[in-house]
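**Q** Submitted below is the structure of interest, expressed as structure tokens.
The values are calculated or read from the model by the stated rules, or taken from the named source; none is laboratory data. Please read these numbers as outputs of a predicted model, since none were measured by experiment. Here the Cβ is made from the backbone with ideal geometry for all residues, glycine too, and neighbour counts use every protein chain on show. All accessible areas refer to the heavy atoms of the entire protein, side chains included, with ligands and DNA or RNA removed. Shrake-Rupley method; radii C 1.70, N 1.55, O 1.52, S 1.80 Å.
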Amino acid sequence: MASKSPLSANLLDELDAALAHGTVARRVETLRRVTDLFVNNAVDYSDAQIAVFDDVFDCLLTHMEASAKALLAERLAPIPVAPPRIVRTLAFDDLIEVASPVLSQSEQLDDQALIENARTKSQDHLLAISTRKVLSGALTDVLVERGNDAVVTSTVNNRGADISEHGYNTLLSRADGNDTIATCVGLRPSIPRHHYLKLVAKASASVRAKLEAAHAHHAADISLVVQQVARRVRSAPAGISQQTIIAHGLVRSLFEDGRLDENEVAKFAEAGKFDEANAALACLANVPVSVAETMMIESRSEGIFILCKVANFAWKTVKTIINMREQLAGAQLSDSATDRETYERLRISAAQQVLRFHRMQQATSEAPAA
């Protein structure tokens, strides 16, 4: 049976007549009947039989009205074994009413086709793609780069979207000055800790600038308040993912067992593991993780110098940590020509004094209001 045509003789005759000299209405009715036949028996058809339907649909869609194409797209979209060539044709149709159902649902569209579509079609097409159950990192890269605010928001709110390191860097750039995107990115449960902290730092700077412009005579007070709010946001449970909690626990265990040293920190940094490297620095410099995070994120290299000097690290390890931060940030954050000289001139006693100041600042910001 698998070698026989899935279309009956009567339907084949009707198809020939509709294609040869049938009216639009007749072609639409034939399309409906062929679609019914496929949808009702899709799971039983072989690849060869599905290919026959692909050819038939392709012939029938020629000069077909948009409403008929849209109906076909709606009916084929949820079927995993839908004819692949016609699904692609529908997906690349300029009319979003036709393309949307298959772009948002069809399993017959692979990553390559979806990426091509996202790079070349309209914002409405991108918006439909952004609602799929699963989005690969390569696909989200295109969506957050090329998409408008609605596409970006939909992509970020999609819990099935895998966002790459490059994708997060793009999102942080787009979130600068855009409260809607910044909020969506910040609320993602899986956002890596270092990106979350950079987002908070950017948002804080934006808020500070707006408030200081509106209330210039209170600029100093406003700056202090914003910094305190930022610290509380960083330490809030919502800002700490399960992955970060696990990383901090691992480092704490190594420290308590006496197995955490400069070499381990260097390994974390070389692997780009911000959470682990940051927590390890905090342990070895004897400061809370939140203090180390503030110094790692908000300063250029000075904070790293302070932490590493107290932990008595060699310059090679310090440079590895700086390189990790620059790779994560996607930008150069320090003047490498003078960094080593600055670090080696720094006295341990001076570094310890700075850390005492940071601990005192944190204690003040966390103290309950009188």
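**Q** What is the packing order of peptides 85-95, 173-183, taking the mean over residues of other C-beta atoms within 10 Å and listing the highest first? Could the numbers behind the result be given before it?
**A** Details: 85-95: 20.0, 173-183: 16.2.
Going from most to least packed, we get 85-95, 173-183.
**Q** In whole angstrom, and with the biggest value first, how far do the Cα coordinates of segment 34-159 range along each principal axis?
**A** That gives 41, 29, 19 Å along the principal axes, largest extent first.
**Q** In terms of modelled amide H atoms, which long-range or inter-chain residues lie less than 5 Å from the amide H of L135?
**A** Here the answer is A161, D162, since their amide H atoms fall under 5 Å of that of L135.
**Q** Show K316, K267, K198 ordered by accessible area, largest first, where the area counts protein heavy atoms only and the probe is 1.4 Å.
**A** Correct descending sequence by accessible area is K316, K267, K198.
**Q** According to the square roots a ≥ b ≥ c of the eigenvalues of the Cα gyration tensor, what is the shape class of segment 129-194, taking rounded for a/c under 1.5, prolate for a/b larger than b/c otherwise, and oblate for the remainder? Spell out each step's value before the answer.
**A** Working: a/c = 1.38, a/b = 1.21, b/c = 1.14.
It is rounded, given that a/c, with a ≥ b ≥ c, falls under 1.5.
**Q** Under 14 Å from the Cβ of S67, count the other residues' Cβ atoms, weight Lys and Arg +1, Asp and Glu -1, and hand me the total. Please list the in-between numbers first.
**A** On the way: positive: R27, R32, K69, R75; negative: E29, E65, E74, D93, E97.
Charge balance near S67 sits at -1.
**Q** Give me the accessible area per residue for segment 258-324, probe 1.4 Å, as a whole number in Å². Intermediate values should be presented prior to the final figure.
**A** Working: 2430 Å² over 67 residues.
Roughly 36 Å² per residue, with all protein chains present.
**Q** So, one more: Quick one: which of K198/K316; K133/K267; K198/K319; K121/K198 span more than 30 angstrom between C-alpha atoms? Could the numbers behind the result be given before it?
**A** Working: K198/K316 25 Å; K133/K267 36 Å; K198/K319 20 Å; K121/K198 32 Å.
From the list (K198/K316; K133/K267; K198/K319; K121/K198), the Cα-Cα distance tops 30 Å for K133/K267; K121/K198.
**Q** Something else about it: Aspartates and glutamates within cross-link reach of K273: Cα-Cα under 14 Å, excluding same-chain residues under 8 positions apart?
**A** In chain and number order, the partners are E165, E264, E293, E326.
**Q** Moving on to the next point. Ignoring ligands, DNA and RNA, what percent of the accessible area of segment 91-165 is carbon or sulfur (1.4 Å)? Working shown, then result.
**A** On the way: 1550 of 3270 Å².
It is 47 percent, rounded to a whole number.
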